[in-house]
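Since the structure comes first, as structure tokens, the remarks are kept for the end.
Please treat every number below as a calculation from the coordinates, not as lab data. All values reported here derive from a predicted model rather than from experimental measurement. Neighbour counts are summed over all protein chains in view; Cβ atoms, including those assigned to glycine, are modelled from backbone coordinates with ideal geometry.
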Amino acid sequence: TGHWLRDALQKFRVIIPHTPQTQAQWSPEWIDSSRWGQRGVLSELPQLLVDSTAENMHAGFDYSVYEFCQRDHPLLMAMQKGDTRHFVGCERVLDVGCGAGIFLDCLRQQNIVGLGVERDPVIANYARGMGLDVIDSDALEFLEQTDAQFDGIYCSHFVEHLSFDSVKRLIRLLTLRLRPGGVVVLTFPDPESIRSQLLGFWRDPEHVRFYHPSLISALAVSEGLQLEWSSVDAQPHQVVPFSEQPPPIASWEALPGAAGEERQSQYAPGKFDRFLEKLGLVPAHRIESLERNQREWIGEVKGLLEHQQQINTQLEQRTSALWDVSKTWAWNDNATLKLRKHGA
């Protein structure tokens, strides 16, 4: 028990980076389970956390802590797990800017060997704590200095942190580090996504700009890579016109009876008609009047039904137009490109 608790206390420094780490505090004796009721970890840990928090209040802004706490680990795991399909058959995959190693963990679950590069030593240490192979280094410097070759490279949510010149440099280096026939997968916020534009992109203080998938694809092709798959091509974005004013709907007011007026009967019975009615008989002109009224009512009902059908059609058109516009909110937040280096 003492060993896993000791390791956990070492790892929790990722969240509270200024925690004191003297040998006396982290020694096995300090967290010996037999001493928990005396001077052990359970009695001292609360005060240790309070002291560490107090120190953090004056430590200034730490991007690594901010970025780490913004992450939704289960959501990112679900989002990135599907990208492992692009690396089936790869022997060694490089994750550029791997962060906490979420995609490396996904690769491991698929029995694919992965190596990560992460500039922040605290985040990299967290990933190594999960048993992942992660190097502390600036990604571009690593790509320039290493001679290693990979048959797969994953670069997720990295390009938006770079200037255009740095993106060109990145694409060139990725191509250089790919083996012939190898694949590189780039995922980044899609500038055509309303949700990315409004909700998520600008929360990260290190985001520089959006990059359109067609621009990244053109850069990659210029370096000798071939576009093999695009999430945008797989789910094309249909941009539909949308007027500020809603389409008109037919009015009921012009129809007969729309105002609720009662129909006036054209039949005025005379004395002879009333005499026949007492005998239980109906005069011929009364029958003709009723039949005429019936034909008029049937005509009005048909008109009402046709008008109702017209209104239903117009409402369906309104709903369809509104739905087409609403579907733009369902566009994927991210764009993914799969590119392959030409074989030898």
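Computing FRET efficiency as 1/(1 + (r/R0)^6) for VAL113 and VAL325, where r is the C-beta to C-beta distance and R0 is 45 Å, gives about 0.45. For region 73-79, 3J(HN,Hα) computed residue by residue from phi via the Karplus equation (6.51, -1.76, 1.60; θ = phi - 60°) reads 4, x, 5, 5, 4, 5, 5 Hz, glycine and proline entered as x.
So for TYR63, TYR126, TYR211, TYR154, fewest C-beta neighbours within 10 Å to most, what's the order? Mind showing how you got there, number by number?
Values: TYR63 11, TYR126 23, TYR211 20, TYR154 29.
Listed from fewest to most nearby Cβ atoms, that is TYR63, TYR211, TYR126, TYR154.
For region 80-209, the spherically averaged projection of the C-alpha convex hull amounts to 8.1 nm². 3J(HN,Hα) couplings calculated from phi for region 170-179 with the Karplus curve 6.51 cos²θ - 1.76 cosθ + 1.60 (θ = phi - 60°) are, in sequence order, 4, 4, 4, 6, 4, 4, 5, 8, 7, 6 Hz; Gly and Pro show x.
In order along region 181-197, the phi-based Karplus estimate (6.51 cos²θ - 1.76 cosθ + 1.60, θ = phi - 60°) of 3J(HN,Hα) comes to x, x, 10, 10, 10, 10, 10, 7, x, 7, x, 8, 7, 5, 5, 5, 5 Hz; Gly and Pro are listed as x.
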